[in-house]
Each structure stands twice: as C-alpha cells, then as structure tokens.
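The values are calculated or read from the model by the stated rules, or taken from the named source; none is laboratory data. Keep in mind that this is a model prediction, so the values were computed, not measured. Every residue, glycine among them, receives a Cβ derived from its backbone with ideal geometry; neighbour counts consider all protein chains shown.
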Amino acid sequence: MIILGIDYGEQRTGVAASDPMGILASPVTVLREPARKKRAAEIARLAAERQAGKIVVGLPVNMDGTRGEKAHKCEQLAEDLRRAAGLPVVLWDERLSTVAAHRALSEADVRGQKRKDMVDSVAAVIILQSYLDSIAPADRKNSDNPSCSAERHS
C-alpha cells in the first residue's frame with residue numbers, strides 16, 4: 001500500500017510518498033496553500049491520485065514530550081484529512097525531522113533558495129521513512145499497526 005507522509009507548516013507543507021511495498025519514502029511536492037482545509041483537500045487529491053491507503057502526519061512533539069500550538073495545528077490537519085480523504089491518518093512523532101532535513105541538505109551542499117524549496121519535502125521523507133521503518137515486514141501490506149501512532153511514541 002502507498003502511504004503519504006506530511007510535514008505540515010503554516011507557510012509550506014512537504015509531501016512524500018512510499019513505494020507500493022511500503023519500504024522507501026520519496027519526495028512528492030511542497031504545497032503552499034495557506035488555508036488548512038484547502039491544504040487538506042490538496043493532500044486528499046494527491047492521495048487519491050497516487051491511490052494511497054494511509055496518510056502519516058508529522059506531529060511536532062517538544063523534546064520533553066509535551067505538545068504545543070504547532071502540534072495542535074497538526075492534529076487539526078489530521079482530522080481535516082480524515083474527512084477529506086476518507087483514509088486512516090496516523091500522527092507520527094517528528095522530533096528533529098527538520099533538523100535532520102537541514103543536515104542532509106548541508107551534506108549534499110544544497111544552499112540558498114533551492115534549500116528552502118527542498119527542506120519541507122525532505123522532512124516529509126524523513127517522517128514517512130521513520131514510520132515505514134517501524135512497521136514489521138508482515139504488517140507492510142495493510143500497515144494498520146496500532147502501535148505506530150504518536151500517542152505511543154511521544
């Protein structure tokens with residue numbers, strides 16, 4: 001099953017997708033729609049276009065395990081996505097995903113505007129790949145492993 005990964009931001013939202021086997025995440029796009037519900041509709045359209053069976057939304061949990069305003073906004077987006085796409089949506093602890101994305105782009109010597117344009121999709125790849133790596137190979141076909149929610153990993 002194809003799974004979409006989302007790195008939600010107020011200015012830009014990175015989108016990644018897995019391969020059909022649920023092994024490898026790849027960047028798809030960066031959305032710049034400012035309205036959350038319209039952004040959810042765009043993600044739902046991408047999910048339908050790619051025949052995704054699930055969406056994973058990065059949940060920015062603080063280092064001490066608490067959730068702030070940005071986490072609340074991600075939870076709202078997840079609910080909007082459940083309604084718009086009609087798919088299961090998993091909130092996934094994304095601590096340090098943007099830091100890891102910046103590090104990966106630095107190592108690849110990506111700078112300036114190109115880096116700004118790529119960081120959100122790379123962060124979405126990191127979030128989704130983390131989720132995919134947590135799923136046992138036998139669970140990859142339906143990937144409905146309930147232990148993979150942010151509720152258990154925060």
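Figures for the structure shown
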item: Where a residue in segment 61-72 is over 12 Å from ASP93 (Cα atoms) and its partner, wherever it lies, is part of a loop (DSSP other than H, G, I, E, B), with Cβ under 7 Å and at least six apart; result: GLY68/ASN62; LYS70/PRO60
item: Pairs with Cβ under 8 Å, 6+ apart, first in segment 41-54 and over 17 Å from ALA25 (Cβ atoms), second assigned to a helix (DSSP H, G or I) and of a type in the set (A, V, I, L, M); result: ALA41/ALA84; ALA44/LEU81; ALA44/ALA84; ALA44/ALA85; ALA48/ALA85
item: Residue selected from segment 72-113 under the condition in a loop (DSSP other than H, G, I, E, B) and modelled with pLDDT of 60 or more, by the criterion surrounded by the fewest Cβ atoms within 10 Å (Cβ to Cβ); result: GLY86
